[in-house]
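Contents: one structure, followed by commentary.
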Amino acid sequence: MTTSAHEHLLAKHDRSHRAIQSFMRARDAISAADDDSGNGGWMNPDVISLAHGEGVRRPHHSVVAAGVRALLDTAESSLDNYLYLRPFPAFEEELKATFKKAGIPEDAAENLCIDSGNTRLFLAFFHAVGDAGDVFLVPQGYYQAVNMWADISSVHLETVETQRSNDYKFTRADLEEFYRRHVDTGEIRTPKGIILFSPSYTGAVYGREELADIAEFIEERDLLVLEDAIFRGTEFAGNSSVHLASLPKMSQRVVTINGGSKAYGLANMRIGWGCGPKFIVDRMNYYTMATSITVPHIAKAMALAALRAPVEYLQGNIAECMARADLVATLIDDINEKVATALGFEPDQPLLTVAHHPKASHSVLVSCEGMAGLVTPEGVKISDSVDVTKHFLRTAKVCLSPGVSNGFTDCTVRIAFGCLGWEHTYAYPRHAEFVSSAAALLATFQPELSDGEVDERLRAVGVEPEWSSADHLNPGFQGGREELTEAIQRRLGPAVVRLALANSEELQARRRHLEATEGEPAGSAAGPAGRQAR
């Protein structure tokens, strides 16, 4: 894109200008677009990327086998035809049952929209309910690409300031304050709807009472809602999600979407699904029909198998994400202790802190506000998350995800750990995938064979049909944790210490100011100041 074309895009709407510009700045930061030092961006093999957002590992082996069967299926599938508007009843019934089981009433759960990923479902929703210039509200921590989807759809996103103390979730109070300051004053057009991320991209989980308060506000203000539930199925042990559409009077206001990318390991198959009021979903399907024609049957077949896969697969992913979230918190505490030791005192606030401890999802939100105002060796004064990301990419070869594209204007970043170490997890399921796929081939060409006969055929060609059924275990997960430790402890840690030492006078001045203000030494309590209990 030329500079003039870029400037034209950013100048289209004054209020959306800043959000899109922030997104572009974040993208340029992680790709090192303005860095000619040769360090490269997040795709550089020497860089450990903590900004990738895929799933935890490959899908369950039964899902791979379903894909193999679908490739050979000429009754339900085809590689040469569009399958224009052709239904896949088994998949559609599974989706309806899944939505109903989660508490969504039949008058919404029966109306389905299936498309090639949640990106297209967002676009379909905006085109279904939005007119040019309509406003949709998002909380801080929203998925950054929504900025572009809104711009393409000629609607506007407005970020509602939320509270760290509430894990940056929407509250009725936050929404009312936004209306008081921006809507009731006529500063912006009355919003058409809100975008709810549940669980959120930073791992926050809404309780039923929280959603009930929001639901009352939605009804009073006559809003429509898109609930992005793509992280449903990643909730940590002891936590569960509640769909907004399951609450009274919400089923005809809420479109609920999910997909295969996060919980099920099908990001590259591009499959998403949603349900909601018929008057909205019909328009979404019109958009899908007009712009996509068809969703590949192989993607649907694999998604169906993923929904039916053993629950142990998801449980294994969840257990690993819980362990990695705890590891991140421990390693950040360790960095703060090393900073205090190197300086000989504790700064007025830690240079890094966990902004809130996740209860779902594949990442940890980290506040780097203790770094704000410090100066890098290159003479750059750190002012926001883009500066933080650029500094660590250049000095530590670690790529963080800048929070500026998620609605955070400060030094908040995100550490995405879900897919870290994929090269280690890939090896473990290969035998199970091969056996399942070979069995699927045999069953396709010789359906009369019994399971025992299939096993005999496999052994005849030197393939042992047995494998470990412990789907929750994957030795490759350890490799991912080691990469996470390398990135934070052995790369970020020394870089943070060096930055602190280079700014020791400034940090000492801040400490003296805090002592003078509060009348007691900073960090007098046990452990680094600001440390959060886990």
Residues of segment 166-189 satisfying the condition of being hydroxyl-bearing (S, T, Y) and either closer than 26 Å to H357 by Cα or open to solvent by 80 Å² or more (accessible area, probe 1.4 Å) (or both): Y168, T171, T185
Output the residue which, of all residues in segment 382-404 that are among the hydroxyl-bearing types (S, T, Y) and out of contact with any strand residue (DSSP E or B) (no Cβ under 8 Å at 6 or more places or on another chain), is least open to solvent (accessible area, probe 1.4 Å). T395
Go through L112, L123, L50 for me and flag whichever is touching a residue at least 24 places away in the same chain (Cβ under 8 Å) and out of contact with any strand residue (DSSP E or B) (no Cβ under 8 Å at 6 or more places or on another chain). L123
For the condition in contact (Cβ under 8 Å) with a residue 60 or more places away in the chain and either of a type in the set (D, E, K, R) or surrounded by fewer than 24 Cβ atoms within 10 Å (Cβ to Cβ) (or both), what is the one hit in A372, A416? A416
Test for A301: is it closer than 25 Å to T234 by Cα and either of a type in the set (G, A, S) or buried (at least 18 other Cβ atoms within 10 Å of the Cβ) (or both): yes
Can you tell me which of (1) touching a strand residue (DSSP E or B) at 6+ places or on another chain (Cβ under 8 Å); (2) open to solvent by 40 Å² or more (accessible area, probe 1.4 Å); (3) outside any helix (DSSP H, G or I) is the one E92 doesn't meet? (3)
Matching residues, segment 484-505, being under 30 Å from the mean Cα position of the chain (by Cα) and of a type outside the set (D, E, K, R): L484, T485, A487, I488, Q489, L492, G493, P494, A495, V496, V497, L499
Please indicate, with yes or no, whether at least one residue in segment 476-485 is modelled with pLDDT under 95 and assigned to a loop (DSSP other than H, G, I, E, B). yes
Considering segment 27-47, residues that are part of a loop (DSSP other than H, G, I, E, B) and touching a strand residue (DSSP E or B) at 6+ places or on another chain (Cβ under 6 Å), and then whichever is most open to solvent (accessible area, probe 1.4 Å), we arrive at W42
Mind checking which residues of segment 53-80 are farther than 30 Å from T412 by Cβ, open to solvent by 20 Å² or more (accessible area, probe 1.4 Å) and in contact (Cβ under 8 Å) with a residue 12 or more places away in the chain? R58, H61, S62, V64, V68, R69, L71, L72, D73, E76, S78
Take segment 320-352 and flag every residue that is surrounded by fewer than 21 Cβ atoms within 10 Å (Cβ to Cβ) and either at pLDDT below 95 or not in a helix (DSSP H, G or I) (or both). G344, F345
Complete set of residues in segment 232-243 that are buried (at least 24 other Cβ atoms within 10 Å of the Cβ) and either over 15 Å from the mean Cα position of the chain (by Cα) or outside any loop (DSSP other than H, G, I, E, B) (or both): H243
Which residue out of H357, H362 is open to solvent by 40 Å² or more (accessible area, probe 1.4 Å) and within 23 Å of Q140 (Cβ to Cβ)? H357
What do you reckon, is K381 among the basic types (K, R) and within 20 Å of the chain's Cα centre (by Cα)? no
Given (1) without any contact (Cβ under 8 Å) to a residue 40 or more places away in the chain; (2) open to solvent by 40 Å² or more (accessible area, probe 1.4 Å); (3) touching a Gly at 6+ places or on another chain (Cβ under 7 Å), Q163 misses just (3)
Can you tell me which residues in segment 152-187 are touching a helix residue (DSSP H, G or I) at 6+ places or on another chain (Cβ under 6 Å) and not in a loop (DSSP other than H, G, I, E, B)? H156, L157, V160, R172, L175
The number of residues in segment 254-294 that are under 16 Å from the mean Cα position of the chain (by Cα) and of a type in the set (D, E, K, R) is 2
So, of the residues in segment 98-139 that are closer than 21 Å to A19 by Cβ, more than 24 Å from the chain's Cα centre (by Cα) and not acidic (D, E), which turns out to be surrounded by the most Cβ atoms within 10 Å (Cβ to Cβ)? V129
Scan segment 435-442 and give yes if some residue there is modelled with pLDDT of 90 or more, out of contact with any Cys (no Cβ under 7 Å at 6 or more places or on another chain) and open to solvent by less than 10 Å² (accessible area, probe 1.4 Å), otherwise no. yes
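Here is a yes/no grid of residues against (1) outside any loop (DSSP other than H, G, I, E, B); (2) at pLDDT below 95:
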residue	(1), (2)
R25	yes, yes
V63	yes, no
Y84	no, yes
G103	no, no
Determine whether segment 58-68 contains at least one residue that is more than 28 Å from A439 (Cα to Cα) and of a type in the set (V, I, T). no
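The values are calculated or read from the model by the stated rules, or taken from the named source; none is laboratory data. Since we're looking at a predicted model, the values are computed, not measured. Using ideal geometry, Cβ is built from the backbone for each residue, glycine included, and neighbour counts are taken over all protein chains shown. Just the protein is used for accessible areas: all its heavy atoms, side chains included, with ligands, DNA and RNA removed. Shrake-Rupley method; radii C 1.70, N 1.55, O 1.52, S 1.80 Å.
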